[in-house]
Amino acid sequence: MKILVVGGGGREHAIIRALKKSPLCSEIWCAPGNGGISYDATCQAIPATDVKAMVEFAQQQAFDYVVVAQDDPLALGMVDELAKVGIPAFGPDAAAARIEASKVFSKNLMKKYGIPTADYETFDDPTAAMAYIKGRGKYPVVIKADGLALGKGVLICQDEAEAEAGIREIMLDKKFGASGNRVVVEEFLTGPEVSVLSFCDGKTVKPMVSSMDHKRALDHDQGLNTGGMGTVAPNPCYTPAIAERCMQEIFLPTVAAMQAEGCPFKGCLYFGLMLTPDGPKVIEYNCRFGDPETQVVLPLLESDLLTVMLATTNGTLAETEVKFRDGAAACVVLASGGYPLAYEKGKEITGLVNGQLEGADEVTVYHAGTAIKDGKLVTNGGRVLGVTATADDLPAALKKAYAATERISFDKLHKRTDIGARALAAMQHPKED
Ligand code: AMP
Ligand code: GLY
């Protein structure tokens with residue numbers, strides 16, 4: 001099969017590397033891709049959000065299957081448009097992508113179907129939102145822009161003044177554009193966070209191995225929120241008992257709810273969970289693979305990724321095996337100094353040969369933001385590389401991943417030095433559930 005992957009970050013690189021192992025895959029392309037991805041796939045510089053150009057390109061090149069990995073083209077209906085020209089694609093249609101693209105939609109879905117999540121109210125009027133927050137008088141309070149906001153549309157406000165500033169930023173200053181026309185105001189939850197990616201074919205859901213993201217820029221979860229500075233899998237907080245509870249209380253009801261609403265979900269449904277003292281609750285849904293969760297989940301997948309993806313499209317997931325190997329994976333992100341705020345680009349990256357480390361067993365370097373300029377590999381984004389290692393257990397995977405990062409350098413490289421530390425602590429002090 002001739003495959004096109006839409007997107008251009010570390011997640012897409014991890015998907016491409018896994019697809020290339022498939023005996024069904026004969027040719028692989030990526031649009032727009034990036035410098036490092038071009039070692040593994042033919043890259044075509046079409047913006048991921050240019051639905052029209054992408055569909056025309058897919059027709060012209062006669063792709064057999066398109067994997068739409070990024071959220072915005074999914075929300076814009078790329079899968080719907082590909083279907084219209086007879087090209088099957090991995091990912092939800094626009095109606096099902098609302099589960100991520102509209103927080104008002106997803107919160108109302110959870111309320112209607114009794115899926116555990118933080119208590120909330122939605123508002124399209126800033127005065128009413130503020131009156132509600134004041135009346136409630138409980139802090140911290142969480143304010144979320146309704147639409148897609150590059151993972152930055154969530155504010156945790158410690159007092160009334162911060163909440164007022166937050167409502168102003170989102171609803172009046174329109175810091176996230178039209179995404180802030182409506183907001184969700186919700187209760188602040190506490191507990192360890194778990195990411196569970198799952199394959200769905202509209203009716204069946206098969207969860208992948210669990211993972212843990214590290215969203216803050218600096219060690220000890222300090223600094224600003226980022227797209228993710230590192231991940232580990234599996235997540236030690238996610239015990240088999242909790243997994244079973246999530247299946248019964250969250251995963252199955254969500255898939256059934258989407259079906260009942262007339263928008264069955266096909267593709268990868270990402271459950272962002274918080275294990276609160278009152279049980280597991282949904283913090284957010286994403287309609288796609290997580291980044292950098294994918295970089296630790298797919299290296300542990302034993303089953304053929306392309307076969308499983310095709311099963312989500314064809315509705316045959318129930319009969320298709322989704323198996324993960326034992327062991328663990330860790331990914332450490334190498335970012336440009338300054339990220340997630342301003343940072344410089346074009347710094348030469350040293351230590352890699354054809355984008356990978358030589359002689360590093362069970363280590364893969366996923367390219368998130370790199371370019372090739374005058375024959376040299378250079379930085380071209382906030383998150384530059386994700387260095388993933390797999391091993392028999394988490395301590396070994398972390399050690400290997402961190403050792404590998406020491407062999408790579410570029411000017412102003414920033415990485416967290418404590419990826420996996422919380423997971424290791426959780427393994428030493430397991431909590432009874
Ligand atoms: P989101 O973009 O929805 O994943 O939110 C970003 C981060 O904000 C999450 O990973 C959580 O750490 C935090 N967060 C979101 N909602 C809540 C909540 N209701 N209570 C506590 N923390 C939250
Ligand atoms: N790493 C979080 C996300 O992909 O949304």
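Some observations on this one:
- Among 397, 233, 318, residue whose mean-square fluctuation peaks in a GNM of the chain (springs only between Cα atoms under 10 Å): 318
- Whole-number Å³ per residue for the convex hull built on Cα positions in the chain: 139 Å³
- Over region 169-237, Cα pairs under 8 Å with separation of 6+ residues give a relative contact order of 21 percent.
- Our analysis of region 304-433 gives Rg over Rh at 1.06, with the two radii drawn from alpha carbon positions and Rh computed by the Kirkwood formula.
- Using Cβ point charges alone (K and R +1, D and E -1), the dipole size of the chain about the Cα centre works out to roughly 400 debye.
- Paramagnetic label zone (point 7 Å from Cα along Cα-to-C-beta, residue 247; backbone N under 18 Å) in region 176-215: 195-211
- Most to least packed among 131-139, 205-213, 299-307, 17-25 [average Cβ atoms within 10 Å]: 205-213, 299-307, 17-25, 131-139
- Ranked packing of 107-114, 381-388, most packed first, by mean Cβ within 10 Å: 381-388, 107-114
- For the options 355, 346, 36, a Gaussian network treatment of the chain with springs between C-alpha atoms closer than 10 Å singles out 346 as fluctuating the most.
- Stokes-Einstein diffusion coefficient of region 1-45, Kirkwood radius over Cα pairs, 4 °C, 1.567 mPa s, in µm²/s: 130 µm²/s
- When the charge dipole of the chain is built from unit charges on Cβ atoms (+1 for Lys and Arg, -1 for Asp and Glu) and taken about the Cα centre, the candidate among 78, 305, 141 whose Cα reaches farthest toward its positive end is 78.
- The share of accessible area on the chain that comes from carbon and sulfur is 50 percent, using a 1.4 angstrom probe.
- Most mobile listed residue (84, 415, 400) in the chain, GNM with C-alpha springs under 10 Å: 84
- In a reduced charge model with +1 at each Lys and Arg Cβ and -1 at each Asp and Glu Cβ, region 256-401 shows a dipole moment near 520 debye about its Cα centre.
- Hull shadow area, averaged, region 120-261 [alpha-carbon convex hull, nm²]: 10.1 nm²
- Given their separation in residues at 0.36 nm each and the Cα-Cα distance between them, residue 20 and residue 424 gain 142.2 nm when the chain is fully extended.
- Surface per residue (accessible, 1.4 Å probe) for the chain, Å²: 41 Å²
- For the chain, relative contact order (Cα pairs under 8 Å, six or more residues apart, normalised by length) works out to 17 percent.
- Region 93-237: relative contact order in percent, alpha carbon pairs under 8 Å with at least 6 residues between: 20 percent
- Summing charges over neighbours of residue 226, with a neighbour being any other residue whose Cβ is under 12 Å away from its Cβ, gives +3 when K and R count +1 and D and E count -1.
The values are calculated or read from the model by the stated rules, or taken from the named source; none is laboratory data. Nothing here was measured: the structure is a model prediction, and the numbers come from that model. In this analysis, Cβ positions are derived from the backbone assuming ideal geometry, glycine residues included, and neighbour counts consider all displayed protein chains. Surface accessibility is based on the protein's heavy atoms, side chains included, excluding ligands, DNA and RNA. Shrake-Rupley method; radii C 1.70, N 1.55, O 1.52, S 1.80 Å.
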